[in-house]
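All remarks here apply to the structure that follows.
The values are calculated or read from the model by the stated rules, or taken from the named source; none is laboratory data. These figures come from a predicted structure and were not determined experimentally. Keep in mind that these areas ignore ligands, DNA and RNA; they rest on the heavy atoms of the full protein, side chains included. Shrake-Rupley method; radii C 1.70, N 1.55, O 1.52, S 1.80 Å.
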Amino acid sequence: MKWHRPLLFALILPLVLAGHSASRAETIRITTGHWPPYLSEKRPDGGFLAQIIREAFALEDMSVEFSFFPWSRALALVRSGKYQASAVWSCTSERKREFLYSAPILPYHYVFYHRKDMTFDWEALSDLRGMDVGLTQDYSYGKTLRGAIDSGHVNADVTTSDLANFRKLLLQRIDLFPMDPVVGEAMIAEQLGPDARAQLTFHPRPLRSALYHLPFSREDPEAGRLKRAFDRGLARLRESGRYQEIIENALKTHSSAAAAAILEEKLVNWDEEPGACD
């Protein structure tokens, strides 16, 4: 077949422009920690929250590069300006002074894990008087639990990882461990095994309900622009139905029915406070 030069040029030009545009696509560098099924350095998609974040930015013609670190370092690297955002964090008054928060990505609950051989029920934190509660360094568990610890009603035992807290719970070195059950169920199944699964359970009453966000450093002059781009992409992802599809597929694969039901109920009854983390 003989190609005419004008026709050939017309066909090639869009490909050249597309390649040029792709080579100039902005890449957002985001720190995170290993916290499956939300965020996982072992999965090709990085976990389903990483997938949501990546696809939201893609709708704004931006690509994402995730780097995994211990949680305290993940946030410090954004604070220092070496990375542009960190996935994912709840909003606290202390962090809000340093970081500009994205729109909420996902609601979550913290519940108390305990051993099945320990009869446990609670209505108020006063019911936890004298108990040893395992906490993970740099996590925010809310002002209510913090007040109970500061008053001496609850004994705090702080360690560096969720996995270490689950092991301490199995060894009866702590009585309770507050944890997001979507993560907790996956961690028990994938890292601790069936013996641990047979020994551990959680109380469905939420200790804390909050929202996960992307924080951007307020010292970064591009933070406002990046936040707005992500917020637009996330809104488009939710409106299209793709957001719900990602979450449903992940819950079917990685979480227990009880933990999935807690998140699904929270998603249906989304309790968002507009402007809370602006």
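For the reader, a short list of remarks on this structure follows.
- Per residue Cα convex hull volume in Å³ - calculated over the chain: 158 Å³
- As a length-normalised measure over Cα pairs under 8 Å and 6 or more apart, the relative contact order of the chain settles at 28 percent.
- Accessible surface of MET131 - all protein chains present, 1.4 Å probe, nearest 10 Å²: 40 Å²
- The chain, accessible surface, carbon-and-sulfur percent (1.4 angstrom probe): 52 percent
- Computed over the chain, the per-residue total of -39500 (n - 2.57) for DSSP H runs of n ≥ 4 gives a 222 nm mean residue ellipticity of -12500 deg cm²/dmol, rounded to 500.
- When only Cα pairs below 8 angstrom with a gap of at least 6 residues are kept, region 141-228 shows a relative contact order of 21 percent.
- Cross-link pairs LYS143/LYS168; LYS96/LYS168; LYS42/LYS252; LYS42/LYS116; LYS42/LYS82 - those with Cα-Cα distance over 26 Å: LYS96/LYS168; LYS42/LYS116
- Surface per residue (accessible, 1.4 Å probe) for the chain, Å²: 50 Å²
- The angle between the Cα long axis of helix 223-240 and the main principal axis of the chain comes to about 90°, on a 0 to 90 degree scale.
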